[in-house]
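Starting off with a structure, shown below.
Throughout, read-outs are computed from the coordinates displayed, never taken from laboratory work. It should be emphasised that the depicted structure is a prediction, and the values quoted were computed from it without experimental measurement. Ideal geometry is used to build each Cβ from the backbone, glycine not excepted, and the neighbour counts take in all protein chains shown.
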Amino acid sequence: MSDKVLRGCLRKMAIEPAANVQLPVNYALRAGAQQLALNDKLGQPLTLEWRGAIACTHCGRATKKSFAQGYCYPCFKRLAQCDTCIMKPETCHFFQGTCREPEWAKQHCFQPHIVYLANSSGVKVGITRKTQMPTRWLDQGAIQALPILEVDTRQQAGFVEVLFKEQVSDRTNWRAMLKGEVEPLDLKAERDRLFNQLESGLNQLKAEHGDDAIRLLEASAHTFTYPVSDFPRKVVSHNFDKNPRVEGVLQGLKGQYLILDSGVINLRKFTGYEIEVS
Ligand SMILES: [Zn+2]
């Protein structure tokens, strides 16, 4: 058994789909430039200790507090990726000339986006850049996902998402997701039901943005299995800010969470925290 110690600033875990959909997806914990394969650690004790430092995930400078899951305050105020329009793409203000970083936006927002349905704790709608599939779904702990529409820009994806939110949530109930209380769904049937209910809204968006701006996708559904030996019955969260030492026996990995017998921790929330893993 290796007692190899990993030390560095936390990045979100790398999650790779398995070669075969019956097999669980593969997790690696990432600290600085180092990686630790986690699937093999199931059933073993794991300790993560925050050393007290936080480095901005963008510029690397030391920060006392982390903003928007890993940024220093200057980056949080300056970067387009930290602007509120990223979370609410329908409020994109590029055409008012007030985008924080127009060049960045051209590469990230003015790219094809996918509107999808996923099942992380019941059906939800979401949007993602095409290149972020399937990472986005794995980060959410979705057990199923189905791309349903393709659009040209992030803002258009936002308009479509706003429409779908009339009928379906855009949130994950992370406690239900972690407890494994998620029944498989027929996402294609959900899609057809939603297309029916939202037909006039979709037609209106097409009229506003051009007939070929919102394209139906005939994709197949993805399914994912996570490496979990025991789902927690009660979800208790660890938090480095309250207790810098997190230890327990690893019982599972789902979304960006470690499930330990002592509680769960959302590692993405602590991006940039300098930790030691043993
Ligand atoms: Zn920074």
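Consider residue 157 carefully, then state whether it is crowded, with 22+ Cβ neighbours inside 10 Å, part of a helix (DSSP H, G or I), more than 16 Å from the ligand (Cβ to nearest atom) and small (Gly, Ala, Ser).
On the way: crowded, with 22+ Cβ neighbours inside 10 Å: yes; part of a helix (DSSP H, G or I): yes; more than 16 Å from the ligand (Cβ to nearest atom): yes; small (Gly, Ala, Ser): yes.
For residue 157, the condition - crowded, with 22+ Cβ neighbours inside 10 Å, part of a helix (DSSP H, G or I), more than 16 Å from the ligand (Cβ to nearest atom) and small (Gly, Ala, Ser) - is met.
Here are the criteria: (1) under 16 Å from residue 174 (Cα atoms); (2) in contact (Cβ under 8 Å) with a residue 60 or more places away in the chain. Tell me which single one residue 263 does not satisfy.
Unmet condition: (2).
Same structure, new question: Check residue 185 against each of (1) touching a helix residue (DSSP H, G or I) at 6+ places or on another chain (Cβ under 6 Å); (2) under 30 Å from residue 235 (Cβ atoms) and name the one condition it does not meet.
Every listed condition holds for residue 185 apart from (1).
Looking at (1) closer than 30 Å to residue 250 by Cβ; (2) surrounded by 13 or more Cβ atoms within 10 Å (Cβ to Cβ); (3) not small (Gly, Ala, Ser), which one does residue 65 not meet, given that it meets all the others?
Failing condition for residue 65: (2).
For residue 97, indicate whether it is more than 27 Å from residue 10 (Cα to Cα), without any contact (Cβ under 8 Å) to a residue 40 or more places away in the chain and not hydroxyl-bearing (Ser, Thr, Tyr).
Numbers: more than 27 Å from residue 10 (Cα to Cα): yes; without any contact (Cβ under 8 Å) to a residue 40 or more places away in the chain: yes; not hydroxyl-bearing (Ser, Thr, Tyr): yes.
So residue 97 fits the description; yes.
I would also like to ask the following. Report yes if some residue within region 30-37 is touching a residue at least 12 places away in the same chain (Cβ under 8 Å), more than 16 Å from the ligand (Cβ to nearest atom), in contact with a Lys or Arg (Cβ under 6 Å, 6 or more places away or on another chain) and of a type in the set (Lys, Arg); otherwise report no. Spell out the reasoning first.
The first filter runs over region 30-37 and keeps only residues touching a residue at least 12 places away in the same chain (Cβ under 8 Å), leaving 30-36.
Checking which are more than 16 Å from the ligand (Cβ to nearest atom) leaves us with 30-36.
From the residues that got through so far, the ones that are in contact with a Lys or Arg (Cβ under 6 Å, 6 or more places away or on another chain) too are 30.
Retained after the next criterion (residues that are of a type in the set (Lys, Arg)): 30.
There is at least one residue in region 30-37 that is touching a residue at least 12 places away in the same chain (Cβ under 8 Å), more than 16 Å from the ligand (Cβ to nearest atom), in contact with a Lys or Arg (Cβ under 6 Å, 6 or more places away or on another chain) and of a type in the set (Lys, Arg).
Related question: With respect to the numbered conditions (1) on the phi < 0 side of the Ramachandran plot; (2) out of contact with any His (no Cβ under 9 Å at 6 or more places or on another chain); (3) more than 16 Å from the ligand (Cβ to nearest atom); (4) not hydrophobic (A, V, I, L, M, F, W, C), which one is the sole condition not fulfilled by residue 128?
(2)
For region 127-137, does any single residue satisfy the condition of being more than 30 Å from residue 74 (Cβ to Cβ) and buried (at least 22 other Cβ atoms within 10 Å of the Cβ)?
Keep residues of region 127-137 that are more than 30 Å from residue 74 (Cβ to Cβ), which gives 130, 133-134, 137.
Add one more test, that the residue is buried (at least 22 other Cβ atoms within 10 Å of the Cβ), and what stays is 137.
Yes, region 127-137 contains at least one residue that is more than 30 Å from residue 74 (Cβ to Cβ) and buried (at least 22 other Cβ atoms within 10 Å of the Cβ).
If you don't mind, another one. Kindly evaluate residue 103 against the criterion of being away from the ligand (no atom under 16 Å from the Cβ), at negative phi, without any contact (Cβ under 8 Å) to a residue 24 or more places away in the chain and out of contact with any Gly (no Cβ under 9 Å at 6 or more places or on another chain). Spell out how you get there, then give the answer.
On the way: away from the ligand (no atom under 16 Å from the Cβ): yes; at negative phi: yes; without any contact (Cβ under 8 Å) to a residue 24 or more places away in the chain: yes; out of contact with any Gly (no Cβ under 9 Å at 6 or more places or on another chain): yes.
Yes, satisfied.
Take the residues in region 46-72 that are among the hydroxyl-bearing types (Ser, Thr, Tyr) and more than 9 Å from the ligand (Cβ to nearest atom), then tell me which one is farthest from the chain's Cα centre (by Cα).
First, pick out the residues of region 46-72 that are among the hydroxyl-bearing types (Ser, Thr, Tyr): 47, 57, 63, 66, 71.
Applying the additional criterion that residues be more than 9 Å from the ligand (Cβ to nearest atom) yields 47, 66.
Values: 47: 24, 66: 18 Å.
The residue in question is 47.
Can you go through 93, 108 and tell me which one is surrounded by 13 or more Cβ atoms within 10 Å (Cβ to Cβ) and either near the ligand (Cβ under 10 Å from one of its atoms) or under 17 Å from the mean Cα position of the chain (by Cα) (or both)?
Working: 93 fails: either near the ligand (Cβ under 10 Å from one of its atoms) or under 17 Å from the mean Cα position of the chain (by Cα) (or both).
It is 108.
Filter region 74-90 for residues that are exposed (fewer than 15 other Cβ atoms within 10 Å of the Cβ) and free of Cβ contacts under 8 Å to residues at least 40 places away in the same chain; which is nearest to the chain's Cα centre (by Cα)?
Filtering region 74-90 for residues exposed (fewer than 15 other Cβ atoms within 10 Å of the Cβ) gives 74, 77, 84, 87-88.
Add one more test, that the residue is free of Cβ contacts under 8 Å to residues at least 40 places away in the same chain, and what stays is 74, 77, 84, 87.
Working: 74: 24, 77: 22, 84: 17, 87: 12 Å.
So the residue we want is 87.
Also: Starting from region 219-234, keep only residues that are among the acidic types (Asp, Glu), then list their pairs with residues that are assigned to a loop (DSSP other than H, G, I, E, B) whose Cβ atoms are within a distance under 9 Å, requiring at least 6 positions of separation or different chains.
230/261
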